[in-house]
1. Take each of the peptides 57-65, 78-86, 120-128, 161-169, average the number of other beta-carbon atoms within 10 Å over its residues, and list them starting from the highest.
2. Counting each DSSP H run of 4 or more residues in the chain as -39500 (n - 2.57), what helix-only mean residue ellipticity at 222 nm follows after dividing by all residues, to the nearest 500 deg cm²/dmol?
3. Taking the Cα centre of the chain as origin, work out the dipole magnitude from +1 charges on Lys and Arg Cβ and -1 charges on Asp and Glu Cβ, in debye rounded to 20.
4. For F120, list long-range residues whose amide hydrogen, built 1.01 Å from N in the peptide plane, is under 5 Å from its own amide hydrogen.
5. With the cut-off at 19 Å, tell me which of the pairs K81/K147; K90/K137; K4/K81; K115/K147; K115/K137 have Cα atoms farther apart than that.
6. For Cα pairs less than 8 Å apart in space and 6+ apart in sequence, what is the mean separation divided by the residue count of the chain, i.e. the relative contact order in percent?
7. For the chain, build the charge dipole from Cβ charges (+1 Lys, Arg; -1 Asp, Glu) around the Cα centre, then report which of N164, G78, H32 sits farthest towards its positive end.
8. Testing the spin-label approximation: label points 7 Å from Cα along Cα→Cβ at N100 and N71. State their distance in nm.
Amino acid sequence: MDLKSVLQGYRDHPHVQSLVDLLSRRTLNRVHLDGLVGSSDAVVLAALCLELPQPAVFILGDREEAAYFQNNLENLLGQQKALLYPSSYKKSYQLEKPDNSLVLQRAEVLTRINKNNDHFLVITYSEAVHERVVTKKTLERNTMEVKIGEILEVDFVMEFLQENSFQRIDFVYEPGQF
């Protein structure tokens, strides 16, 4: 038995179908699913998302729980269907220095939300949602899109990177450096 047939079995299950009916009416503010064990929450929600293809946000308890849930959904639904929206900081008590890779990951999720009409799932946790987010206008102003084969002036690229607080170093090993 492969993964697709397991998901199809969940999609056809009467409880999932009644959940689809409830959510498609859009009269409920909350739904509480009880009795799900292990990764069955991800399997039920993957089946539900296949039945109701629309964007959704799942807010979990902490970073680790969100990462596991996102990983499960990504394994069930495929790459780039479940996005993790992290906090900018590795540790919640060290708020003075954001992690550049996490800031980049947040920006990628926000860009995908702004530019895509595809349905995908955003998985996050309370610390990440609590942080301020740049406006759409600011994000677009500070984003440079480069296409394959496009010729760019080196001075323009360097000026853009320096204006956006990138660090010029000899060996690039993390986001925010060039």
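Read the figures in this text as sums done on the coordinates, not as results from a lab. None of these values were measured; they are calculated from a predicted model. Virtual Cβ from ideal backbone geometry, glycine too; neighbours counted across all protein chains shown.
1. 120-128, 78-86, 57-65, 161-169
2. On the way: 8 runs with 86 residues, N = 178.
Computed mean residue ellipticity for the chain: -14500 deg cm²/dmol.
3. On the way: 19 positive and 25 negative charges, 111 e Å.
The dipole of the chain has a size of about 540 debye.
4. For F120, whose amide H was placed from the backbone, the distant partners under 5 Å are A56.
5. Values: K81/K147 23 Å; K90/K137 27 Å; K4/K81 16 Å; K115/K147 16 Å; K115/K137 13 Å.
K81/K147; K90/K137, as the Cα separations exceed 19 Å there.
6. Numbers: 168 pairs, mean separation 36.0, N = 178.
It comes to 20 percent, rounded to a whole number.
7. H32
8. Once both label points are built, they end up 2.6 nm from each other.
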